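Nothing in this text is a laboratory measurement; each read-out follows from the coordinates by a stated rule. The model shown is predicted, which means the values in this text are computed figures rather than measured ones. With ideal geometry, Cβ positions are generated from the backbone for all residues, glycine too; neighbour counts draw on all protein chains shown.
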Amino acid sequence: MAAETRWIQDEQSTGENLRGNLVGSLVLHVAIAGLIFGAAYISNRGHNWGENAATAGAIQATMVASLPLPPKQRELDNGVLTSESPSPAPVVAKEKTEPPPKPDEVAVPEKTKPVKQAPQPTPAPPKHPQPTPPQPTKAATGETAGIRIPQSTIELKNGTASAMVQDRTFGARFAYYVNIVNRTVAQNWYTQEADPRASVGKSVTVIFDINRDGTPANPRLGTGSGSPSLDQSAMRAIQRVEGFGPLPAGDRITVEYTFHYTQ
Amino acid sequence: MNFRSERPLTHLIRFTFAAAIMLSLPVGLHAQDWFKTETSSGVSNIRLAVADFKGVSATDPQTLPLKHTFDTTLYNDLSNAGIFDLISKSMLPQASPGAPAEINLAQWGGAPASAAMVAFGAFGSSGGRITVNGFLFDAKNTQFPQVLAKQYNEQASDDMARQVAHRFADEIIFRLGGGVPGIAETKIYYVKIGGGNKEIWAMDYDGANQHAITHLGTVSISPRISPDNSRIAFSSLGRDGFQIRMYSLLLNRPVSFPSAGGTNLSPAWSPNGRDIAFSSSRSGDPEIWIADSNGGSVHRVTSFRGPDVSPVFNPKTGSQIAWISGRTGLPQLYIMDTDGSGVSRMTDGGYATSPSWSPNGQFIAFAWDRKYGPGAPGGQDIYVMEVATKRWIQLTHDIGRCDFPSWSPDGRHIVFANTPGGRSSSTRIVSMLADGTGRKTLTEAGADMPNWSWK
């Protein structure tokens, strides 16, 4: 009896059942598609480093700077010798002929009588040979060798770095070494480590020693800047340096290094 | 009348000029911004002038060609160093000073040379000897200009003239380059392909003086020079397949190294010269093994399914090994401690081969095909990875397949094998600075697997 009625009901609602099946199949397909996409999204979200994506595997430009090579300065590309593009040809001006001057335009020079001068009486030569005064080896005025101060300053992108060697005779005698120290530390100072809002216009002085073999030692803060991030970046710059090369003289030298942060 | 008719024209010109300025203003500003972002720091290199040396004994007909060799080599060495802005010789003053008394520093320090440092000296040859007096002067320090003074006295030959130039260049680089010794006296060992054989050859760092080391008449690959420059370890094909072999440069003959079963490849010296790591398939799978330099006390370091090849020691500490492992499919770069612990994977995909650890231990250079697979657009290029952070940069682009990078002892250069045409017969050896610039081809086609000496 029950089977009979069910069968009859099925028979009656064939059209509605077809629609129901259609809707059901649609829902099922959408659900499966959603499941696949969802699984793909969950299992593969984000980038692995090494993928060719803008954010994945990104590397800072500072890495090349930390290779022992000095960073390359970008050169202005509009110089005639440095640029690839040919420079414009010079404008060829048409040759002009000057009109001849009118006869009355040319002034005739007037004759003037030379003024006669009485001959100067020459002093009589001394009877005894005089000793010649020593010739000065240097010019009394004008060009002299500039006074070298044992300090060198380098202008950076945002800031200046200057090194001062406390031993003044060393700085004068081995100025090139002071330059190398300054250059090496400046290369290792990453100004982006300092917080620009707190550090603009401030300077920090770090004092450190250089051993006989050229390794920096014992870096300490001389004068703080008041900006902890700037102090930190300056200390790190010294700590990053592996060596400056052996000292040309002496066993140890103390260097005072000032980092000045400008915008 | 004439004046009046000109006025509107002047206005028009003025307007056009103003408009042109307005138009060009954003472009100019943009250009300036661009420069600002590109410059990492304002520190420029030392401007160095290298004068032609003064020939002091012109009567000897040998002097001129030898002096030419010397001058060219010195200039190239300093230019290859990568730490100087070398001033073109056409900008230098005409006079070539031969002694400190003869140099007019104001002339060299001023425009157009504007040199910060000047290298100059005298070159003479007489009675089969060459005498070189070399000086390095600080052009900006008028009071105490002398930085360096050197004298060399060697046999008169083209090779010795080049060697003396290398030595003087290394002295200059050592003084001005922050105490890192120069590489002008180093050698590069490589595989020469010819006549169906592969032999081990050697050359100077600049590609000069190429000469054969081995004459085994078989296939010898992956030469590795010992840290004291006394021995070359390499892998050679014999009756038992590829075996590690050893060649003594002091005795100029092969010395014994025990052979074992399987394929033994890519030896690597530890920085103290006592141990050799290599890959061997004597136990089935290619694994990393470590033996002492005489082949004794062999022990296995890795044990994992999949091949493990191309080991290289950390030259700074000697306590780590970087190598290539295929345990997860395609070969990847790994590092571990020398006892096999602390394994860490460095690359995450692609096809990585032939690592070389930088002398300061900070970087690993390796060849990597990041888009490996059928139809993939990738090519094999040289990459450098910072070990601590796993950040990497690509050094070569679009010059064909690149493989077998090897660091120079100063850590500023990398030499590698480059196959421009894709055919393996066109493989040649190329060197470059460690940031990928200054590429220089050192050999003709038919040279592969370079290995830079340790000093």
Scalar couplings 3J(HN,Hα) for the range B:201-210 by Karplus 6.51 cos²θ - 1.76 cosθ + 1.60 (θ = phi - 60°), nearest whole Hz, x for Gly and Pro, are 10, 9, 8, 5, 5, 9, x, 7, 6, 7
Of B:309-318, B:109-118, B:180-189, ordering from highest average Cβ density within 10 Å down gives B:180-189, B:309-318, B:109-118
Between the Cα axis of helix B:63-80 and the main Cα principal axis of chain B, the angle (0 to 90°, nearest 10) is 80
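From the alpha carbon gyration tensor of chain B, can you work out the equivalent ellipsoid semi-axes (sqrt of 5 times each eigenvalue) and give them in Å, largest to smallest? Intermediate results must be reported in sequence, preceding the final value.
Numbers: eigenvalues 441, 234, 74 Å².
Equivalent-ellipsoid dimensions as semi-axes: 47, 34, 19 Å.
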Longest principal axis of chain B (C-alpha) makes with the long axis of helix B:2-38 (C-alpha) an angle, in degrees to the nearest 10, of 20
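What is the average number of partner chain Cβ atoms found within 10 Å of a Cβ in B:166-179?
Numbers: counts 0, 0, 0, 0, 0, 0, 0, 1, 2, 6, 6, 7, 13, 11.
Per-residue shielding by partner chains comes out at 3.
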To the nearest 0.05, the calculated FRET efficiency linking B:Asp339 and B:Glu185 through their beta-carbon distance, R0 being 45 Å, is 0.80
Once amide hydrogens are built 1.01 Å from N within the peptide plane, the residues lying 5 or more places from B:Gln380 or on another chain with amide H under 5 Å from its amide H are B:Cys402
Within 10 Å of the Cβ of an average residue in B:334-340, the count of other chain Cβ atoms is 0
Note, the range B:170-180: 3J(HN,Hα) by Karplus (6.51, -1.76, 1.60, θ = phi - 60°), whole Hz, Gly/Pro = x, goes 5, 4, 5, 5, 5, 5, 9, x, x, x, 8
Whole-Hz Karplus couplings 3J(HN,Hα) for the range B:126-131, θ = phi - 60° and coefficients 6.51, -1.76, 1.60, Gly and Pro as x, run 7, x, x, 10, 10, 10
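Quick check on the range B:46-176: what are the equivalent-ellipsoid semi-axes from the Cα gyration tensor, as sqrt(5λ), descending, whole Å? Let's see the in-between values first.
Details: eigenvalues 109, 47, 34 Å².
Values for the range B:46-176, descending: 23, 15, 13 Å.
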Filtered hits (lysines, Cα-Cα < 22 Å from B:Lys390, offset >= 8 within chain) -> B:Lys316, B:Lys371
With the convex hull built on the alpha-carbon atoms of the range B:187-452, volume per residue in Å³ sits at 125
Simple spin-label estimate for B:Leu64/B:Ala212, 7 Å along Cα→Cβ, in nm, reads 3.7
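For peptide B:388-401, compute the average count of partner chain beta-carbon atoms within 10 Å of each residue's beta-carbon. Working shown, then result.
Values: counts 0, 3, 4, 7, 5, 6, 1, 1, 0, 0, 0, 0, 0, 0.
Shielding by partners across B:388-401 averages 2.
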Site A:Ala198, offset 7 angstrom along Cα→Cβ, radius 19 Å on amide nitrogen, limited to the range A:229-252, gives A:229-238
Output ordering of B:48-54, B:369-375, B:281-287 (per-residue mean of other Cβ within 10 Å, highest first) is B:48-54, B:281-287, B:369-375
Counting sequence-distant residues (5 or more places) and residues on other chains, those with an amide H built under 5 Å from that of B:Ala115 are B:Gly109, B:Gly110
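Tell me the relative contact order for the range B:245-312 as a rounded percent, counting alpha carbon contacts under 8 Å between residues six or more apart. Walk me through the numbers before you get to the answer.
Working: 134 pairs, mean separation 18.0, N = 68.
Contact order relative to length: 26 percent.
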Long-range amide H partners of B:Gln146, meaning residues 5 or more apart or on another chain whose placed amide H is closer than 5 Å, are B:Asp138
